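The values are calculated or read from the model by the stated rules, or taken from the named source; none is laboratory data. None of these values were measured; they are calculated from a predicted model. Please note: Cβ atoms are built from the backbone with ideal geometry, for glycine as well, and neighbour counts cover all protein chains shown.
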Amino acid sequence: MSNKLSTRTGDIKKFSIFQAKDGGKSVDILESIADIKYYEDVLSNTISLSVTISEAGGSFDKKEGGYVGILDGLPVRGGEPAIIIIEDHDGHKLEFKNDNKLYVNRVRNVIPGTQKDTYVIDFSSRELFANEQCRVCKRYNGKISENVKKILTEATSSDVGIKTKKKVNVDETSLEYNFIGNDRKPFYVCTWLASKSVPSQAGDIGGAAGYLFYETYDGFNFRSIDALFKQERKGNYLFSNVDTNPKGYKGKVITYDIDRDIDLQNNLMLGTYANRTLFFDFYAMNYKARSYSVDESGGSSDKKGAGSKGKIVTAGKEEIDSVADEFRKPISRLMNIVKDVGTLPPGKDIDAQLEAWKDKPDKSTYDSEQTVVQSIMRYNQMFSIKINIMIAGDFSLRAGDMIYCEFPKLSIEPNTEKNKKSGGLYMISSLCHNITPRQTYTSLTLVRDTFGIKKFKAD
């Protein structure tokens, strides 16, 4: 659905691409830009930017006479850094320079012509390429949150590593988890650790498992899903046909689309309602079954720490109860997992580690069973409700931010009544800033982990 509010113009202040080797020759492509798209996503490890270029081949003067375009004149072969500065209508800037520069990843959709060439250049963070060039080989001890910081900022093998200079925002995790990287890529390891992480019991975050690892304009994030949903809202947005924003609202929703798709089979396959996991312990040579259901709302652990107090936020009771018992209560997903016993026992060498395990073989560094089942259901429920909206360009928003939205109630006749089911607080799962010479708008995918009427108001 859409209303009559138009998008606003933005401003492309600077867009220069530099020669990859030695950083000498450069070209300003401002006059050739058709549009820019900038992306963030809580399910993506890095940010990205794409620019569509339409040029007449006059960027470079060839020695033998005539002109050539950017691709052959610079030339562009991948890895070229770019300095980019764009600004929205309210003065919020996205500046990619110094340690925050973006680099050419690929050139695609090349449409050659006799008078004009059209193509798309994709840019990515430096860290994306560094991730392909190094592996995590070391042993890491202690809290996962501290080790994620080390993996992103320090060398992981020899003198090679991500070694980002960007801000690293990490929610503290509970207990200790000792592991070896096993020559895996840093981003893979961080994402793997996210599925094993439980937030610290300090504060009011709670102890439900489930983390996300992603990059935004502000830097890298290793965040608890619970903590993200408990953030302060970044603004209130309203869909209406009134030209001016009512008091208390940051902006207008220009268009929106509520994902009302229902897929019972898929929910059953994912184990959204109930699942059971068999944990095989090859140290003790036995296995244990662990069942989990939404009716339990998280359950509790007999071990102190992971999952002992944290409960998974489940869909509203009204919505859960509306699913027939014959579909909701029987276990629909069975999983077999080799039990992670804290991976490596504490100790400076093999002998000390073996003695530590022999002394207390049942004492894991964390509750692997509780963590695994909680993480699976937390990720599934995170996308219980999904809405796509478009607003006027707003570069202050980030993936992972919380915003409040209101939508009209479905009616044949025009009305101002609010849809209490759809309205409420949402997390920005992904965003795309679309900038053209004529208009700038922001597309948002919003998610919420609960159903039912939400008693929030735009204050």
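If you filter the range 10-42 down to residues that are touching a strand residue (DSSP E or B) at 6+ places or on another chain (Cβ under 6 Å) and more than 18 Å from D122 (Cα to Cα), you find that the one that is modelled with the highest pLDDT is V42. Can you go through V148, V110, V120 and tell me which one is among the hydrophobic types (A, V, I, L, M, F, W, C), in contact with a Lys or Arg (Cβ under 6 Å, 6 or more places away or on another chain) and either more than 28 Å from D72 (Cβ to Cβ) or outside the structural domain of L193 (by TED's automatic domain parsing) (or both)? Among V148, V110, V120, only V120 is among the hydrophobic types (A, V, I, L, M, F, W, C), in contact with a Lys or Arg (Cβ under 6 Å, 6 or more places away or on another chain) and either more than 28 Å from D72 (Cβ to Cβ) or outside the structural domain of L193 (by TED's automatic domain parsing) (or both). Test Q231 against the stated conditions and say whether it is free of Cβ contacts under 8 Å to residues at least 12 places away in the same chain and not hydroxyl-bearing (S, T, Y). No. Counting only strands (runs of 3 or more DSSP E) that sit completely within the range 113-229, those holding 1 or more residues that are in contact with a strand residue (DSSP E or B) (Cβ under 7 Å, 6 or more places away or on another chain) and at pLDDT below 85 correspond to 117-125. Output yes when any residue across the range 74-97 is more than 31 Å from the chain's Cα centre (by Cα) and at pLDDT below 90, and no when none is. Yes, the range 74-97 contains a residue that is more than 31 Å from the chain's Cα centre (by Cα) and at pLDDT below 90.
Across the range 208-223, a minimum of one residue is classified as of a type in the set (G, A, S), in contact with an Asp or Glu (Cβ under 6 Å, 6 or more places away or on another chain), buried (at least 19 other Cβ atoms within 10 Å of the Cβ) and assigned by TED's automatic domain parsing to the domain that holds I151.
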